[in-house]
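Heads up, the thing below is written out as structure tokens.
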């Protein structure tokens, strides 16, 4: 019975999202604000997991919502609205990651600031080290694997939803998640061995 109610409430959310996007398409700015309210933190978190840079994640999220607003007329209710917005965010992150690989630099102020933060950190050293290792391992994954792993293991999407978001066959998504997890496991095991 509970499963039926969960499915029923999920369908209501999807219908509400469909109604919101229809209202946005007709120029209703209030509906757009509702979409931003619902997705803001989810998209920022997703982009932060991909980029590892909170400020950049916020900038990319803003760009995502700008595209949602200005390209709302292109949305077709074939797939859930969430798939469309995550696809936009994912594509922006991929482009940003390609650009950042070309121009990788860290300002001296950031290095000094991070070193100072590390000296005064009040976190449990073991937990801080594990978070650092996980973040480094995720950052080391090629975006081809990182994006599906984050969508599956952190954001909680199904493999079918991820396939729709990334416009990729489900079998490819399964393989990328498996390879990504294997890479993460190897990286974390080697970090723990040190």
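The values are calculated or read from the model by the stated rules, or taken from the named source; none is laboratory data. Fair warning: this is a prediction, and the values are worked out from it, not measured in the lab. Cβ sites come from the backbone with ideal geometry, for glycine too, and all protein chains shown count toward neighbours.
Observations, loosely collected:
- In region 121-142, the count of residues that are at pLDDT 70 or above, outside any helix (DSSP H, G or I), outside the structural domain of residue 42 (by TED's automatic domain parsing) and out of contact with any helix residue (DSSP H, G or I) (no Cβ under 8 Å at 6 or more places or on another chain) is one or more.
- Matching residues in region 85-98 - criterion: being under 14 Å from residue 166 (Cβ atoms) and in contact with a helix residue (DSSP H, G or I) (Cβ under 8 Å, 6 or more places away or on another chain): 85, 86, 87, 88, 89, 90, 92, 93, 94
- Selection of region 26-62 for residues being outside any helix (DSSP H, G or I) and closer than 22 Å to residue 94 by Cβ yields 52, 53.
- Residue 50 fulfils the conditions (1) at pLDDT below 90; (2) under 11 Å from the mean Cα position of the chain (by Cα); (3) surrounded by fewer than 20 Cβ atoms within 10 Å (Cβ to Cβ) except for a single criterion, (3).
- The criterion of being more than 18 Å from the chain's Cα centre (by Cα), modelled with pLDDT of 90 or more and surrounded by 10 or more Cβ atoms within 10 Å (Cβ to Cβ) holds for residue 175.
- Subset tally (residues that are modelled with pLDDT of 90 or more and either surrounded by fewer than 18 Cβ atoms within 10 Å (Cβ to Cβ) or within 15 Å of residue 49 (Cα to Cα) (or both)) for region 158-167: 3
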